[in-house]
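Accompanying notes for the structure given below.
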Amino acid sequence: MADANDKFTSIFATIGAILIGLGVVWLLATNWHSIPALLKVLILVAGFCTSFYAGFQLEQKEFRRIAQSLYFLGSIIFCISVFLIAQIFNTDASVQGAAVLSFIAAIGTIIASYIFISRSSLVVGMFMGTQGFFLQFLATLDSYRGDQYVASYAILAFALAMVIYGVSLYHRAVEHIFEKTYLFWSTFYVLLFGYILSYQWVLIYLWRGSANPITGFITFMLILGALALAFGIYSCMQSARISASEITSIFVIIIAFAAFLFMSNVATADQGTCRQMYCGEITSDSVCNSVDRCMWNNNYCSETYSYCSFNYNNQTGCTAPTAKGVLCEWQTSTGWDNKSYSSCVSLQRNNQYVDSCTAKKSRSSCSESAACTWSPGYSYSSSYRKQLNTPTYLLWIVFNIAYIALILAMIALSTIKKHAKSINLCISFFVLFIITRYIGFIMDFGGYTSLAFVFIIGGVLLIGGAILIRKWHKKLMDQVESA
Amino acid sequence: MAQETHGPSRKRVMLGALFLVIFLGFMVLYLAMPYLVGSTVVLKTAPVDPFDPIRGQYMVIRYDISTQPINDVQVGDTVYVLLTKGEDVWDSTYATKTMPSSGMYIKGEVQSVSGSSAQLRFGVEQYFFERNAQILDRIDRVELKVDATGTARISRLLTVTGSEVRIKYAD
């Protein structure tokens, strides 16, 4: 009963802290433009210092829950301060700029959480770090315009999960209260990793895009993750706080991850299409002239239809036939401004070429022809429907089953560890996964009849699933509470 | 678990707050460096107004010197643009990948490359202001403070006559 009262007080105190914070921010915001820059910084510093000190005073008087709410508020004000100071100095407003600010706020808050020994400050710090992770992801996509980088982020998420789990184990070994907070965030990152890789197109590009997913930084993070895990396991073994089954589970997940990376490299090797190179991509004159629609001209491989306009800017010589049988003619036309324009145009555009490359179904056979190039991605049927080859499709199915198994295993582990927040997180990812696959089916199944079936099945799943998941969640929570 | 029961000591709380103040202090010092030791440069500009969900309303400022002819650069590379003083505004002389040993220059990052020309970003492409702000004058140029490393910060928004742009805030 005392615990229930404590929880009740905590919820209201947190809401109260947020409301006070919002009120102060709103009041300052309305007059923000007229406050000198130095005073703005001092107001922000005073804001989080006051909040932390008030938290400390209340903690001394045994109002621990309210004190934690004030530490939480202080951490939020600190994070807001980072963004507002950046605003005062008109720093980079791009997504990359916001990512850097999120990381700065995260580092400050996480370090401070250790000094204050405040779990709520650590939560704010980890949240800001995760926000930075996502913003950095968006900034990378924006900068490099390559969705293949998604695969890199999936592996980075796994590396982060290893680092954070190692840190969690160390905290368990020294009986620090941050253990479960780190456990929650490592669960989040490992589930995120699996979720990203459950998409077909991410699997295709995992190894085959223009971007190699294993960059120097990711290799460093994977090594760091392995070291953190090893140190965490060692620390727990020293204090006999880890079971053999937990160590086995960790190794099984890591081996499964490595095996998956290896299998995906093999399975997706021939997932893609072989196409004829564009004329502009060809750098050799012999290869260029061997392609129907291309012609080597002035040390450049260009389309035959552009030959006339490229070579003749007056009527003299415009009718000369070329080696590819293209005939040029001097033509005059009227432009939108009613002026007459003359140019040398091609009469025979030679568009009816045959692309012999598309018949080559494997990467190796494609590379045998100098005029062909391999494009990783979906292949398309004669009716232009996306297709996966059998090894990639099987890998995708296996990975999706493995992902569901991973979620269930984590739920089981969280139940044993009596960690309700991790159970909620796992169930959230499970629901997200089901909804994502369902939307995927809607997108893949064309035609009214099949779509109607998808909707009906979806409706049944949603109604049945909602009831079952609710029951399942309640059962797990009861188990945690009774334990 | 003992730590959770007793909470942090007064000394730890003071230490934590002091750490955060010093942490922010370094950030402020880093950002203020061009204002403290930098030289003044005025650049020709053309602004537009977007909105940042985290930090509020701001103005994107495009500079005439943002596009530079330069070879052998990739997206993300650091580039220095040499500046020479004109009658009213400063203009670019050339862009280089190595930091110049003398003269006035501004540091930029390559955003995109097209042939032998690169689009640069100097970190001063935004000017924040509060909501309901009315810009009473047309912005023609921007006064910057640039330190010895080429890092720049916006100092003032100027009109075509060189006077400061007036911003009125509605209550």
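Any read-out appearing in this document is the output of simple, stated calculations on the displayed coordinates, not a laboratory observation. Given the structure is predicted, the values throughout are model-derived calculations rather than measurements. Here the Cβ positions follow ideal geometry from the backbone for every residue, glycine too, while neighbour counts run over all protein chains shown.
Descriptive notes on the structure:
- Fewest-first sequence of A:Leu192, A:Leu38 by Cβ atoms within 10 Å of each Cβ: A:Leu38, A:Leu192
- Against chain A, whose longest principal axis is taken from its Cα atoms, helix A:95-116 shows a tilt of about 20°.
- Per-peptide packing, taken as the mean over residues of other Cβ atoms within 10 Å, places A:82-93, A:59-70, A:281-292, A:335-346 in the sequence A:82-93, A:59-70, A:281-292, A:335-346 from highest down.
- Put in line by how crowded their Cβ is, counting other Cβ atoms within 10 Å and starting with the fewest, B:Glu87, A:Glu246 read B:Glu87, A:Glu246.
- Here is how the number arises for chain A: DSSP H runs of 4 or more residues each give -39500 (n - 2.57), the sum is divided by the residue count, and the result at 222 nm is -23500 deg cm²/dmol.
- Relative contact order, percent, chain A [alpha-carbon distance under 8 Å, six or more residues apart]: 10
- Each label was represented as a point 7 Å from its Cα along the Cα-to-Cβ direction; for A:Ile435 and A:Phe455 these points are 2.0 nm apart.
- Considering only B:Val110, B:Val42, B:Val160, the Gaussian network model of chain B with Cα springs below 10 Å gives its largest mean-square fluctuation to B:Val160.
- For the protein assembly as shown, a crude dipole built from +1 on the beta carbon of Lys and Arg and -1 on the beta carbon of Asp and Glu, taken about the Cα centre, is about 1540 debye to the nearest 20.
- Anisotropy class of the stretch B:28-146 from Cα gyration tensor, a/c 1.5 cut: prolate
- For the peptide B:121-130, the mean number of other protein chain Cβ atoms found within 10 angstrom of a residue's Cβ is 5.
- Relative exposure of A:Phe441, A:Phe52, A:Phe178, judged by other C-beta atoms within 10 Å (fewest first): A:Phe441, A:Phe178, A:Phe52
- Crossing angle, helix B:10-37 versus chain B [Cα axis fit, 0-90 degrees, rounded to tens]: 10
- Neighbouring partner chain Cβ atoms per residue of B:148-156, average, 10 Å criterion: 1
- Under-5 Å amide H pairs with B:Thr151, H placed in peptide plane, nonlocal only: B:Lys107
- Disulfide-incompatible cysteines by the Cβ rule (no partner under 4.7 Å) in chain A: A:Cys49, A:Cys79, A:Cys236, A:Cys426
- Cross-link pairs A:Lys180/A:Lys471; B:Lys44/B:Lys97; A:Lys180/A:Lys475; A:Lys386/A:Lys474 - those with Cα-Cα distance over 30 Å: A:Lys386/A:Lys474
- The mean number of partner chain beta-carbon atoms within 10 angstrom of a residue's beta-carbon across peptide A:168-179 is 1.
- Cut-off under 5 Å, modelled amide H: who pairs with A:Gly377 long-range: A:Gly272, A:Thr273
- Cα gyration tensor, the protein assembly as shown - rounded (a/c under 1.5), prolate or oblate: oblate
- Against the main long axis of the alpha-carbon atoms of chain A, helix A:179-197 sits at an angle near 20°.
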